[in-house]
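Read through the structure below, which is laid out as structure tokens, and then see the notes.
Any read-out appearing in this document is the output of simple, stated calculations on the displayed coordinates, not a laboratory observation. Since the structure is predicted, the reported quantities are computational estimates derived from the model, not experimental observations. Don't worry about glycine lacking a Cβ; one is built from the backbone with ideal geometry, like all the others, and counts go over all protein chains shown.
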Amino acid sequence: MGNIPAKFLEKMQKLLESEFDNFMSSYDAPRVYGLRINPLKLDREQWRRISPLGGESVRPVPWAKEGYYYKEGDRPGKHPHYHAGLYYIQEPSAMLPVELLDVRPGHRVLDLCAAPGGKSTQIAGKLMGEGVLISNDNSAERTKALAKNIALAGVRNAAVFNEEPAALVPAFREWFDRILVDAPCSGEGMFRKDEGMAASWDSYSVERCMEMQHDILEHVAAMLAPGGLLVYSTCTFSPEENESQIAKFLLRHPEFAVEKVHPAGGISQGRPEWIDAAAAGKLGEERAHSLLGTVRLWPHLLEGEGHYAAVLRKSEEREAAGGILDIREKAPEDVSAGPVKRKKDKKRAEDTRPVRGDKTPAIEVVPADAWRKFAAEELGLIHTLETMNVVHYGSLVYLASAQLPSLDRLRVVRPGWYLGDSKKGRFVPSQALAMGLTRAEAKRSISWRAESDEIQRYLRGETLFVDKGELDIADGALAKGYVLVCADGYPIGWGKYVDGMLKNELPAGWRQQ
């Protein structure tokens, strides 16, 4: 690589000393590629049995239970299993922060800087449909990919927001059991993967990133419940954005402490000797030394790009009266009083275009009859209505967690699982609904082999001619109606069956090019 900034090289040579030559050799080594199996759909053994990639062509990622390395020529993004959400393509080092977050089913989790959604879908796989995931990004444009990837993974218990961290604090003080901050950074660890990051390094300064990271950490500290875990991660080598950033945070927040990570699989310890001298002096020897318990991923020591991660535990003691409110002792508010009313849209929104809530206190309760009728006639999902609230923006219908507090004045992209569009008593199911179902939950389905011509044609958006006998129809159901189309038994979208013809309902933005 010839475009690495000279100032960066000088800095790294000073930091790494005798390791510098080995570090530089990593830029001549080929990139590694990774994918992560989606446990909401299947487990690793099931995937290895059905996937053409499941044999010797893949190797486990040491620090990620569902992670595998694959070869560049395998092109898993082109396979129908990708369109079924069976895996997510993700750089191997980027899989570590969520593994460190220790997410358990039932937790309330915030992924603050979530787009494009890799870490959110990984968190959702840890929750296994229980608890709540809030996926937020402050870029409205980037929330489109975020919402789509969450839908593709079949996540039912996630809400997507488009907010600045400060705006989330009033609604979510001490609300989350786990918070992930994959912070905006100077991106030094991604130079090999993305040469554009190296080209923009001088303009996207370390100092600017430090200011953003400081602001983010201040706000997430207020949203983490006592005893909860915060994982802070970056894809940069810069000590100013890593160990020094955490040292200064610990100075401001004595209620937090580093939770030691035991390195394995080529992962290295943090470098407390690189802490800003002034911060180190104020922090004290013991707390400064605790930064050994943070971790660095170096591309010359393992198969992955550059990364840093720190796990921080908040003390169990709550703030005194007048400080942070103990909202966990309150009954959760009804989410139907939360999502804000969206201005009426004359044009039907596609699944690929999330709906962005207006910052207004106007609230509507959903007329859910059309959805309930569809669920009763077409699906086996009525039981889910007992633990989820049906809400809507205009005619768009969602299932949202009953645990959510009021979402007044927040920019909500999706308050929950996007079910479909309800207009004039007629319900049109969404692609997100299809992806979140299992084949057994649809009263009408059809499955072809992933490599079949039928699946290829369906993914291109073509109408198919199908014999009624090919459909799997539940007892008492008619052949005519919505059909859940599956590849190897895993949903990839809807079709509408009428007299031997399966009309393709796959949205344009989901079709294979």
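Can you list residues whose amide H is under 5 Å from L419's amide H, if they're 5+ apart or on another chain and H is modeled 1.01 Å from N?
Residues meeting the amide H criterion: V397, Y398, L399.
Report the charge-dipole magnitude of segment 203-297 in Debye, nearest 20, computed about the Cα centre from +1 at each Lys and Arg Cβ and -1 at each Asp and Glu Cβ.
In total the dipole reaches around 180 debye.
Using Cα pairs closer than 8 Å and at least 6 residues apart in sequence, work out the relative contact order for the chain, in percent.
After rounding, I find 13 percent.
Roughly how many whole Å is it from the C-alpha centroid of segment 14-35 to that of segment 419-439?
The two parts, judged by their Cα centres, are 48 Å apart.
Per 0.36 nm of contour for each residue apart, how much would the distance between Q46 and T438 grow if the chain were fully extended, relative to their Cα-Cα spacing?
Residue separation times 0.36 nm, minus the Cα-Cα distance, leaves 139.6 nm.
Angle between the Cα long axis of helix 142-152 and the longest principal axis of the chain, 0 to 90 degrees, nearest 10?
60 degrees
On a 0 to 90 degree scale, rounded to 10, what angle separates helix 118-127 from the longest Cα axis of the chain?
Around 70 degrees separate the two axes.
Suppose we look only past 15 Å in the calculated P(r) of segment 439-510. What percent of the Cα-Cα pairs does that tail hold?
46 percent
Mind ranking 66-76, 6-16, 215-225 by how tightly packed they are, going by the mean number of other C-beta atoms within 10 angstrom, highest first?
Averaged packing, sorted descending, gives the order 215-225, 66-76, 6-16.
Among H253, S445, Y490, whose Cα lies farthest out toward the positive end of the dipole of the chain, if unit charges sit on the beta carbon of Lys, Arg (+1) and Asp, Glu (-1)?
Highest projection toward the positive end goes to S445.
So how far, in whole Å, is the C-alpha centre of segment 468-511 from the one of segment 89-153?
29 Å
Give the angle, between 0 and 90 degrees and rounded to the nearest 10, that separates the Cα long axis of helix 6-16 from the longest principal axis of the Cα atoms of the chain.
70 degrees
Express the Stokes-Einstein translational diffusion coefficient of segment 63-203 in µm² s⁻¹, to the nearest whole number, given a Kirkwood radius over alpha-carbon pairs, 10 °C and a viscosity of 1.306 mPa s.
99 µm²/s
Arrange the peptides 50-56, 275-281 so that the one whose residues have, on average, the most other Cβ atoms within 10 Å appears first.
Ranking the peptides 50-56, 275-281 by packing returns 275-281, 50-56.
Contact order normalised by length for segment 439-510, with contacts defined as Cα pairs under 8 Å and 6 or more residues apart; what percent is it?
The normalised contact order for segment 439-510 reaches 37 percent.
If amide hydrogens are placed 1.01 Å from N in the peptide plane, which non-local residues have theirs closer than 5 Å to the one on L86?
For L86, no residues qualify.
If packing is taken as the mean number of other Cβ atoms within 10 Å per residue, what is the order of 392-401, 193-202, highest first?
The densest-packed peptide leads the list: 392-401, 193-202.
In debye, nearest 20, what is the charge dipole magnitude of the chain about its Cα centre with +1 on Lys and Arg Cβ and -1 on Asp and Glu Cβ, if you could check?
1860 debye
Could you size up the charge dipole of segment 10-51 around its Cα centre, putting +1 on the beta carbon of Lys and Arg and -1 on that of Asp and Glu, and report it in debye to the nearest 20?
The calculation lands at about 500 debye.
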